[in-house]
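Notes for the one structure printed next.
The values are calculated or read from the model by the stated rules, or taken from the named source; none is laboratory data. Bear in mind that the values here come from a model prediction, so they are computed numbers and not experimental data. As a convention, Cβ positions derive from the backbone with ideal geometry for all residues, glycine included, and neighbour counts pool all protein chains shown. Accessible surface areas use protein heavy atoms only, side chains included; no ligands, DNA or RNA. Shrake-Rupley method; radii C 1.70, N 1.55, O 1.52, S 1.80 Å.
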Amino acid sequence: FFTNLTKLNYEEMHDLLSKAQFGLAFYNPDYSNRFLGNNIKYLGRSSGKIATYLRSGLPVITSKIGLMANDIETYQLGKVLGSPAEIGGFLLEASSKKAYQHQCLEYFNTHLNFELYGEKLLRRFEED
């Protein structure tokens, strides 16, 4: 999203995203940079942008990149497109975000919520 606000807390971000219909998250690997090549190509569930959208119940429009694209299709969390040029056509045909909202919230709570992994992660640090 684009905003002139400098920093938002979670509640402000959630309020802002609740007014949107879809969240955009397009990724394009850049192999001239070692951090943006395969790191982007094999994008897993680490995308903070996508997680924030899903936490707010906002369906995602994304590119065909990595595990998240597969999950978005499998769990019906939005739409995976071949390129940003396809956004307009999709939006003309798309149903409202309400068709996706429940799946987005459910996916976040069962796959991405830190509470699912936080305690285990802390125990792992304590072991070392």
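Points to keep in mind about this one:
- Per residue, in Å², the accessible surface of the chain once ligands and nucleic acids are set aside, probe 1.4 Å: 69 Å²
- Each residue of segment 45-128 gets 94 Å³ once the volume of the Cα convex hull is shared out per residue.
- Relative contact order for the chain, counting Cα pairs under 8 Å that sit 6 or more residues apart, in percent: 22 percent
- Placing a pseudo-label 7 Å from each Cα along the Cα-to-Cβ vector at Thr110 and Ser95 gives an inter-label distance of 1.8 nm.
- The chymotrypsin sites (Phe, Trp or Tyr not before Pro) of segment 40-111 that meet both conditions, a loop assignment by DSSP and at most 15 other Cβ atoms within 10 Å of the site Cβ, are Tyr42.
- Value of [θ]222 nm, deg cm²/dmol, for the chain, DSSP H segments ≥ 4, -39500 (n - 2.57) each, nearest 500: -12000 deg cm²/dmol
- Which of Leu24, Leu77 is most accessible, then next, and so on - probe 1.4 Å: Leu24, Leu77
- Ordered from largest to smallest accessible area (heavy atoms of protein chains, 1.4 Å probe), the residues Lys7, Lys97, Lys49 come out as Lys7, Lys49, Lys97.
- Each Lys and Arg adds +1 at its Cβ and each Asp and Glu adds -1 at its Cβ; summed about the Cα centre, the chain shows a dipole of about 260 debye.
- Between Ser18 and Glu73, full extension at 0.36 nm per residue minus the direct alpha carbon distance yields a gain of 17.6 nm.
- Cross-link pairs beyond the 18 Å C-alpha cut-off, checked among Lys19/Lys64; Lys7/Lys49; Lys49/Lys79: Lys19/Lys64
- Between Glu119 and Asp30, full extension at 0.36 nm per residue minus the direct alpha carbon distance yields a gain of 28.5 nm.
- Computed from the alpha carbon positions, the gyration tensor of segment 64-103 leads to an equivalent ellipsoid with semi-axes of 16, 16, 5 Å, biggest first.
- Residues whose placed amide H lies under 5 Å from that of Lys79, excluding near-sequence neighbours: Val60, Ile61, Thr62
- Sulfur and carbon atoms: percent of accessible area, segment 9-128 [1.4 Å]: 52 percent
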